[in-house]
Amino acid sequence: MINDVNKLNPMIREAERFLRNFHEENGLPLDEYEERMQQVITLIRETGTYTHTFEELKYGARIAWRNNSRCIGRLFWDSLEVIDERAAETEQSIADALLRHIAYATNEGRIRSTLTVFAPELSDRSNIRIWNHQLIRYAGYQTAEGIVGDPASIAFTEQCLQLGWRGQGTKYDVLPLVVQLNGREPKWFPIPEAYIKEVELVHPDCEAFNQLQLKWYAVPILADLVLDIGGIRYNAAPFNGWYMGTEIGSRNMADIDRFNELPAIADVFGLDRTTNTSLWKDRAILELNTAIIHSYKRNGVSIVDHHTAAEQFMRFMKREQDQERSVNARWSWLIPPMSPAATPIWNQSDLEECPVKPDFSAQQCPYETRKG
Ligand code: ARG
């Protein structure tokens, strides 16, 4: 289809690969593909870029999810909802679209897997950056008495403070949305409380646990990855699924360098912390994870336990193999952080990871490298 000169242009090559897959997988006629490709080549030649149709965008975003080697939840890749906000071109209209994403995805707890796509990066001067790691996340403050809040948020919280934001200084202050356009000074926007769904943790059979007053937010909305489709880099393309309980119970709240709640939980249950052999950490992790699944369910907030998620992943693998597609996988990320050997993914350690597009990948953090 494309001649040797066009093959030298990396964007044309990427576009060709993507559009061929798009047409093939969706069973579209060959002449439609050829016509579209001709149009895209002309556009890239004349303007240095091209614009995806909404259908291409939706397909590309779904395939990026399907391709993501670290995600155990990919059985549902085909149901990702895509919101096109490529027309948003001020900080305010982008922030408004982010709030709409939060509301749509949260859906009063019946979480919808959603991706919002903003205009792609064209150059340093035409570039949208969302500074948040996730749209909803707790602040972290370094204080004389130690860290308050989420230690993983300290650097970003400092940036927010420098920009003029003020938190209340609690363990669970939700950070503002921070949007930067074209390398200019970023703007911050508080998230109105009504948008933030949180779940207070209660234990199904331990009253004392509830006094710990633990909570977590309902929807994890990753905002700092770049979505690459057909050679176009969408570096503002936040997306969410729903939580697997262990993300919160075995990592966010359990890790020593995160909320580090295990000692307090062990004490509530009267476990012996003077010796490893009491397995107090394991028992505390189990009770915490039990409380998380119980509380999310009780509040009607979507959540999946790691056994069910692992079974779903096995079904995903089977389905992909039936379609003669290979499954891109990083085993160390796919096994859950709790009882991994009790899930069927444990025996899949020979799964392989390879570069495939469309994909989500990390991009340079906009603030650590910021001068001045
Ligand atoms: N592990 C991250 C967190 O705990 C969220 C990553 C995305 N998770 C998801 N279930 N889609 O906040």
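Using Cα pairs closer than 8 Å and at least 6 residues apart in sequence, work out the relative contact order for region 222-341, in percent.
Details: 107 pairs, mean separation 28.1, N = 120.
It comes to 23 percent, rounded to a whole number.
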**P(r) weight above 25 Å for the chain, C-alpha pairs, percent** = 60 percent
**Message:** Test of understanding: express the Cα radius of gyration of region 7-75 as a ratio to 2.2 N^0.38 Å, with N the residue count.
**Reply:** 1.21
**Request:** State the three equivalent ellipsoid semi-axes of region 119-162, derived from the C-alpha gyration tensor as the square roots of 5 times its eigenvalues, in descending order and whole Å.
**Result:** 29, 11, 6
**Message:** At 1.4 Å probe size, what's the solvent-accessible area of K58? Round to the nearest 10 Å².
**Reply:** 50 Å²
**Complete:** So, relative contact order of region 159-234 in percent, Cα under 8 Å, 6 or more apart, is 18 percent
**Item:** Convex hull of region 163-274 built on C-alpha atoms - directionally averaged projected area, nm²
**Value:** 10.5 nm²
**Request:** Return the loop-located trypsin sites (Lys or Arg not before Pro) in region 76-142 (DSSP other than H, G, I, E, B) with at most 12 other Cβ atoms within 10 Å of their own Cβ; answer none if there are none.
**Result:** R110, R125
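What is the antiparallel percent of DSSP beta bridges lying wholly in region 70-203, to the nearest 5? Please report the intermediate quantities before stating the final value.
Values: 12 of 16 bridges.
Close to 75 percent.
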**Cα pair distances of region 40-91 binned at 5 Å [whole percent]** = 4, 17, 18, 16, 18, 14, 9, 3, 0
**Asked** Mind checking the log10 I(q)/I(0) for region 89-234 at q = 0.09, 0.10, 0.14 Å⁻¹? Debye, one equal scatterer per Cα, no solvent, two decimals.
**Response** -0.33, -0.40, -0.75
**Request:** Run down the lysines and flag those whose C-alpha is under 27 Å from the C-alpha of K187, throwing out any fewer than 8 positions away in its chain.
**Result:** K171, K197, K371
**Request:** Could you tell me how many degrees, from 0 to 90 and to the nearest 10, lie between the Cα long axis of helix 10-25 and the main elongation axis, the longest principal axis, of the Cα atoms of the chain?
**Result:** 80 degrees
**Prompt:** Quick one: Kirkwood hydrodynamic radius for region 33-163, alpha-carbon pairs, angstrom, one decimal?
**Reply:** 17.8 Å
**Prompt:** In the full protein assembly as shown, how much of V5 is accessible to a 1.4 Å probe, in Å² to the nearest 10?
**Reply:** 90 Å²
**Asked** What is the helix-to-structure angle for 306-322, meaning the angle in degrees between its Cα long axis and the longest Cα principal axis of the chain, kept from 0 to 90 and rounded to the nearest 10?
**Response** 20 degrees
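Could you give the dipole magnitude of the chain about its Cα centre, charging the beta-carbon of Lys and Arg +1 and that of Asp and Glu -1, in debye to the nearest 20?
Approximately 300 debye in magnitude.
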**Item:** Within the accessible area of the chain (1.4 Å probe), percent carbon and sulfur
**Value:** 48 percent
**Contact order relative to length of region 89-190, as percent, for alpha carbon pairs under 8 angstrom and 6 or more apart** = 27 percent
**Asked** What angle do you read, to the nearest 10 degrees and between 0 and 90, between the alpha-carbon axis of helix 54-67 and the longest principal axis of the chain?
**Response** 50 degrees
**Prompt:** Taking only the alpha carbons of region 153-223, what extent do you get along each of the three principal axes, in Å, biggest first?
**Reply:** 53, 21, 20
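Based on a Kirkwood Rh over C-alpha pairs, give the Stokes-Einstein translational diffusion coefficient of region 256-361 at 4 °C and viscosity 1.567 mPa s in µm²/s.
Once the numbers are plugged in, D ends up at 78 µm²/s.
The values are calculated or read from the model by the stated rules, or taken from the named source; none is laboratory data. These figures come from a predicted structure and were not determined experimentally. Here Cβ is always computed from backbone atoms with ideal geometry, including for glycine, and neighbour counts include all displayed protein chains. To get the accessible areas, we keep the full protein, side chains included, count just its heavy atoms, and leave off ligands, DNA and RNA. Shrake-Rupley method; radii C 1.70, N 1.55, O 1.52, S 1.80 Å.
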